[in-house]
Amino acid sequence: MEGYFDHAASTPIHPEALAEMNRLAQTVFGNPSSIHNFGRQAAMELELARDVIAASLGVKSHEIIFNSGGTEGDNTALIGVAMSQKDRGHHLITTAVEHPAVLETMHYLESQGFEVTYLPVNEKGQLSVNALKEALRPDTTLVSVMYANNETGNLLPIKEIGELLKEHPTIFHTDAVQAYGKVSIHPKELGVDLLTVSAHKFNGPKGVGFLYKSDQVHLPAYLHGGEQEEKRRAGTENLPAIGGMAKAASLLTPEAMAENAQRYRQFSEKVTNALTDSGVNWQLNGDPEHKLPQVLNLRFPKVANDLLLMKLDLQKIAISTGSACTAGNIEPSHVLEAMYGKSSATKESIRISFGLGNTDAMVDFLANSLVALVSQMQD
Ligand code: PLP
């Protein structure tokens, strides 16, 4: 038995998405920008994929810009808005718990003379919309708040923020990399102008994603060159990957998302019930009322998370400490630090994330291994 429980890091590709990639790679190899028949066929497939993605968000097809994934989407949105709105202001707002694709881009923008407010979160990792309201200034050009957090699974108050920003000319970006395919997202209803998605988090291929850009918003191109993507993102489109992504997206209907949520909620309960029943000392990191059931971030007092990760790895169980590993050292999680301050929680917490391929038997195996290892380590 083995178990992969790190779907928030990356997911296995869905067999139907892989079949679609193979079909496109083998039979539709023309360049979508070429005007001959081979090119036109590729362009047609590209637009079909765009329609599928647009329909999943309830937006217009030309509001979807294909790109290389979450990091590119976040960079394009943040740098594009900051630079193009310079005449209006230099103030940007984000949260302390964003992914590095946002945080590091904000640090870069600070080095370019922008001022960034990093909103704090409470002990549950939740953001106060009031604090955001107070941080807003006439010169604020961008608010970027993630839809769901990659370490805790917390869902942030995107709808409320959208409501608030209706009264303000600032542009609203959300990094929906962890949320897309897990919950229904309707940017128009939410008042979201820009939204970042990455295919490898929902059983699509790696290195591909898209940026939703409302046609009400002007955003300069980030990559310059050819006229692809209506001159908004130069470079020949990766059609097999885009087609694979659209296939993976098409499988995640609202009904499928609801079924998945129900299954992963049961998996979470299986793990937490086993821990409670065996008397293990554990706590949930995150906001149980507002979170994705796919992600379970647990703290085990007195248990070194790096050691636990290695012991589970020896049993072929993959989980994460939720934080980056730099030159062999596990850095304390900035998300847990934002929640608790400097606390041993950052060294005692693990992230379990469920997804395609996980079965009840695998989750039992995980629960049993966790109980055995943690009881031993807490002794
Ligand atoms: N944003 C979030 C919330 C993520 O979880 C990730 C990936 O871990 C990214 C952005 C980066 O996406 P990509 O790996 O497609 O560059």
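The values are calculated or read from the model by the stated rules, or taken from the named source; none is laboratory data. Remember, predicted model here, so these are calculated numbers, not experimental data. Backbone-built Cβ (ideal geometry, glycine too); neighbour counts: all protein chains shown. These area figures cover heavy atoms from the full protein model, side chains too; ligands, DNA and RNA do not enter into them. Shrake-Rupley method; radii C 1.70, N 1.55, O 1.52, S 1.80 Å.
In the range 175-186, the residues that are without any contact (Cβ under 8 Å) to a residue 40 or more places away in the chain and within 13 Å of Asn154 (Cα to Cα) reach residues that are assigned to a loop (DSSP other than H, G, I, E, B) and open to solvent by less than 40 Å² (accessible area, probe 1.4 Å) with C-beta atoms within less than 8 angstrom, at least six apart or across chains, in these pairs: Ala176/Met146; Ala176/Tyr147; Ala176/Ile185. Scanning the range 348-374 for residues being polar (S, T, N, Q), surrounded by 16 or more Cβ atoms within 10 Å (Cβ to Cβ) and farther than 23 Å from Leu336 by Cα gives a total of 2. Testing Ala19 on (1) open to solvent by less than 10 Å² (accessible area, probe 1.4 Å); (2) under 28 Å from Thr253 (Cα atoms); (3) assigned to a helix (DSSP H, G or I), one condition comes back false. Which one is that? Against the list (1) open to solvent by less than 10 Å² (accessible area, probe 1.4 Å); (2) under 28 Å from Thr253 (Cα atoms); (3) assigned to a helix (DSSP H, G or I), Ala19 comes up short only on (1). Of all the residues in the range 66-93, those that are open to solvent by less than 10 Å² (accessible area, probe 1.4 Å) and more than 12 Å from the ligand (Cβ to nearest atom) number 8. For first residues located in the range 145-158 and farther than 18 Å from Leu78 by Cα and open to solvent by 10 Å² or more (accessible area, probe 1.4 Å), partners that are among the basic types (Lys, Arg) and more than 9 Å from the ligand (Cβ to nearest atom) and lie 6+ apart or on another chain with Cβ distances below 7 Å form the pairs Leu155/Lys291. For the range 94-134, filtering for residues that are open to solvent by 40 Å² or more (accessible area, probe 1.4 Å) and assigned to a loop (DSSP other than H, G, I, E, B) leaves 8. Note on the range 59-96: residues that are acidic (Asp, Glu) and farther than 20 Å from Leu165 by Cα amount to 2.
A search for C-beta distances below 6 Å between a residue of the range 5-26 that is farther than 15 Å from Ile317 by Cα and any residue that is open to solvent by 60 Å² or more (accessible area, probe 1.4 Å) and within 15 Å of the ligand (Cβ to nearest atom), counting only pairs 6+ apart in sequence or on different chains, returns nothing.
How many residues does the range 97-121 contain that are in contact (Cβ under 8 Å) with a residue 40 or more places away in the chain and within 14 Å of the ligand (Cβ to nearest atom)?
Adding up the residues that qualify gives 7.
Within the range 123-140, being over 17 Å from Gly162 (Cβ atoms) and in contact (Cβ under 8 Å) with a residue 40 or more places away in the chain holds for Glu123, Lys124, Gly125, Arg137, Pro138, Asp139.
Taken together, the residues in the range 192-220 that are open to solvent by 30 Å² or more (accessible area, probe 1.4 Å), of a type outside the set (D, E, K, R) and in a loop (DSSP other than H, G, I, E, B) amount to 4.
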